[in-house]
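None of the figures in this text is laboratory data; all of them are computed from the coordinates on show. Bear in mind that the values here come from a model prediction, so they are computed numbers and not experimental data. Note: ideal-geometry Cβ built from the backbone for every residue, glycine included; neighbour counts use all protein chains shown.
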Number of protein chains: 2
Amino acid sequence: MEANTCKQDVLQKKKNAILVDGVILNGPITDSKAGEKFVEEACKIIMEEIIQKADDVTEKVCEWRAPETLKKILDLEMRDTGESHQKLLQLCQDVIQYSVKTNHPRFFNQLYAGIDYYSLVARFITEALNPSVYTYEVSPVFLLVEEAVIKKMIEFIGWEDGDGIFNPGGSVSNMYAMNLARYKFCPEIKEKGLSGLPRLVLFASEECHYSMKKAASFLGIGTENVYFVKTDERGKMIPEELEKQVQRARKEGSAPFLVCATAGTTVLGAFDPLDKIADICEKHDLWLHVDASWGGSALISRKHRKLLHGIQRADSVAWNPHKMLLAGIQCCALLVKDNSGLLKKCYSAKAAYLFQQDKFYDVSYDTGDKSIQCSRRPDAFKFWLMWKALGTTGLEERVNRALALARYLVEEIKKREGFQLLLEPEYANVCFWYVPPSLRKMEDGPEFWQKLHQVAPVVKERMMKKGSMMLGYQPNQGKVNFFRQVVISPQVGC
Amino acid sequence: MEANTCKQDVLQKKKNAILVDGVILNGPITDSKAGEKFVEEACKIIMEEIIQKADDVTEKVCEWRAPETLKKILDLEMRDTGESHQKLLQLCQDVIQYSVKTNHPRFFNQLYAGIDYYSLVARFITEALNPSVYTYEVSPVFLLVEEAVIKKMIEFIGWEDGDGIFNPGGSVSNMYAMNLARYKFCPEIKEKGLSGLPRLVLFASEECHYSMKKAASFLGIGTENVYFVKTDERGKMIPEELEKQVQRARKEGSAPFLVCATAGTTVLGAFDPLDKIADICEKHDLWLHVDASWGGSALISRKHRKLLHGIQRADSVAWNPHKMLLAGIQCCALLVKDNSGLLKKCYSAKAAYLFQQDKFYDVSYDTGDKSIQCSRRPDAFKFWLMWKALGTTGLEERVNRALALARYLVEEIKKREGFQLLLEPEYANVCFWYVPPSLRKMEDGPEFWQKLHQVAPVVKERMMKKGSMMLGYQPNQGKVNFFRQVVISPQVGC
């Protein structure tokens, strides 16, 4: 009887089957119950293998494998037929095992580290909702959140008003600023391009981020037209040298339009003297952009915001809350002092299919046309939820603690044999050499430095193969390979 | 007794406290147990409110509130002190409630929709691991995965070899291609910029994506130097018109360097005739870029890949697996035929702090210098895990089914009173007018079209306020507002 009903069901279904081009269109094709179960099981792995281990110093920070070996371990090949859930969960385990644990308490390799549980939740929400932030109709919450966050960041810069947008990276924010400054300098470039115009020139310190060169190249300005300004022994731009470079550009008949100051350089953590630079910009009518991707977070701290003294005089600021504040990669804002709609005028292309003007709501909330992107992620949201959770005081504590940890590290380095500080840090970048016993008695001279240059890569290799610690190193301005340690993770304690 | 031990503990701790600048540095400052619990509780909400409801047609696709109202509902203000976990979980609930459910079976508003459980898991993993993809040392797995995915995509394009990179959006991929073509045309532009050079000119169809104009403006080429080529009645570039435009540019003494063909236009879903366009590019020595952000996924289908006939002759291709294949926003590749390192030569800035050459492994795996970004998300990974799960056959089914659903929709539209098809679609974009009863007997003429133009916004408003469906509309090339419906979600069935 049952079998009979079942047979009739099948016949009935076949009869009602909607078949187009050989594809049966009835019902969804995904097994949502199985899918949900898979997500649940994977989440358990994520919780146990990543989140719960994030503060566990006894775990390895990385499980090093050489590329060729790792290729063999991971089953990278994509085949015609899919894999079972069991196999896929194993694959997820492997991916986690061989990935670097950037939230491990011994990960000091980059300018991000640690885990923030609130930001993480926000990120899970947005991944599940899968929004794109361009119009209010598809991203009502995330657009309002972005507006609120930008407003708050502007307050901390010290502007009365302004505008802004979140971008996929500080490098992209710097590009935005460069293009915006160029638009302000000569709006016709948007339509006419640079051909036939005098050579545009911009200025940045020798210690600025490499994205300045990338931006100049990408924007058709040319890397040679970034005039690098000398820095002092601490890595800070020398205002008098900036003045000289501007004069030089003028004499050459080129068109200076922009100064990119840095608040918190990548390697040394140096802050350019913004107030003096702003004076020069005012005098020569140049746009002042401050790349505070790294140093911007100090604005949150009443104690340390003086590092950015004068920032309120900037025309634009790049600031990445994904670094010291732990908002998660990527969370990068470009903030603009102008409030006359410059950002929109500079970037808009007015696509009729997306930014219809006959919508039933106030289309000034459709801010997507301020972007070079079309689809764009809601990166402001994770910062917002974290801020709601910790309060400004909690964010301030992160900054104060990171800088106190840097001070502590400096003092420890001074005490320990074989460690040599490169310079007293202004910010959280602690730069030092490790001098191995074999070199400690050697005379200072080219041979010593040549040998010392080879030490950091070897130490790093050993630490990585052991999985004990990850730490960045680099040569810089004639100084041989040294370590740069930045301790920002709230999971790290002395 | 216990209290006493406790007191001694506190005294002991105070004695050992490491205090720097008023900050106690002992131990981590986060309560990891409470944090983990918060993540668990939030994940439960995400599972119940987003993931489990993703295939539920009885839910609303959106809970519309006007901006001012929504601002009042959401507690957007960031304060000095943080909120309780309970308050934060409520906030998460609110965010979800008032966000558009882009994975709802009635969301047809953009070129993405639906939910893929595997891609979602991959996204949760990467959010928890918080990697940045630039060097093998910090992203070993994700760099190898990106390499494998790019290799596979290149196979489907039909190139023997090639290179590529994942970017935050198809718009950014198009920019990359434009810059790459320019670099190939004249490598000195990287250093010297465009000043003093003849006017560079590129060609794209009238129906191309608006990112072409954004790119031309951003790259300093200028929007006026995008020469728009006429399309036929189906929205496809007319090769003879392209030839004319190239001739015109040459006569003007400008420097044509690039043709951007489109495989799957945004509004009509039209495919430019790539083979004929490639002939013209060959003849005039122009770089051929194909913006297949939308149409590229058809390459996976043996049945439909003929839409992109000739694509193997392109020099570069933009292809977004986050659209029809559901890899999740954003997942966008730029693929390049050149395998001589052009991408790296064009983009590299050789930052010494990141791309050290004295590393202990093969630094050719440090591919980050191919990018304009510094930190970059591992977007290839979600596509990879999804591909592993579904197999090529599963991806192919998605494409075949989307196009079969489009055929089905077309036939239904033809049958129903008051619905009028704009044109027979080539791809998944079904464009139609809804003619309300009041207009059905009206004579064809300017008044009719003027009135019809006002219909779509009103219908859309009603649907959104009801939460029943979201559907895009736009005017296009002299045609009044019409709906564009794209059915790609595997959760949709007839």
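For the reader, a short list of remarks on this structure follows.
- Search result, residues across region A:14-31 that are surrounded by fewer than 18 Cβ atoms within 10 Å (Cβ to Cβ) and either closer than 30 Å to residue A:467 by Cβ or of a type in the set (S, T, N, Q) (or both): A:16, A:26
- Each residue in region B:351-393 was checked for being part of a loop (DSSP other than H, G, I, E, B), more than 7 Å from every other protein chain (Cβ to nearest Cβ) and of a type in the set (A, V, I, L, M, F, W, C), and 2 pass.
- Subset of region B:192-209 (residues that are within 21 Å of residue B:285 (Cβ to Cβ) and surrounded by 24 or more Cβ atoms within 10 Å (Cβ to Cβ)): B:194, B:200, B:201, B:202, B:203, B:204, B:205
- Considering region A:146-168, and only residues there that are buried (at least 22 other Cβ atoms within 10 Å of the Cβ) and not in a helix (DSSP H, G or I), the residue that is farthest from the chain's Cα centre (by Cα) turns out to be A:163.
- When A:160, A:127 are checked against the criterion of being over 22 Å from residue B:124 (Cα atoms) and of a type in the set (Asp, Glu), a single residue qualifies: A:160.
- Number of residues in region B:48-62 that are surrounded by fewer than 17 Cβ atoms within 10 Å (Cβ to Cβ) and either among the aromatic types (Phe, Trp, Tyr) or facing another protein chain (nearest Cβ under 7 Å) (or both): the value is 1.
- Any hit, region B:343-361, residues being of a type in the set (Gly, Ala, Ser), over 23 Å from the mean Cα position of the chain (by Cα) and either crowded, with 20+ Cβ neighbours inside 10 Å or closer than 21 Å to residue A:99 by Cα (or both): yes
- Looking across region A:354-412, the residues that are free of Cβ contacts under 8 Å to residues at least 24 places away in the same chain and of a type in the set (S, T, N, Q) come down to A:356, A:357, A:364, A:393.
- Conditions (1) more than 10 Å from chain B (Cβ to nearest Cβ); (2) at negative phi; number of the one not met by residue A:170: (1)
- Scanning region B:306-331 for residues that are outside any loop (DSSP other than H, G, I, E, B) and either more than 30 Å from residue B:115 (Cβ to Cβ) or without any contact (Cβ under 8 Å) to a residue 40 or more places away in the chain (or both) returns B:306, B:312, B:313, B:316.
- Taking the numbered list (1) under 16 Å from residue B:323 (Cα atoms); (2) surrounded by 24 or more Cβ atoms within 10 Å (Cβ to Cβ) in turn, residue B:377 passes all entries but (1).
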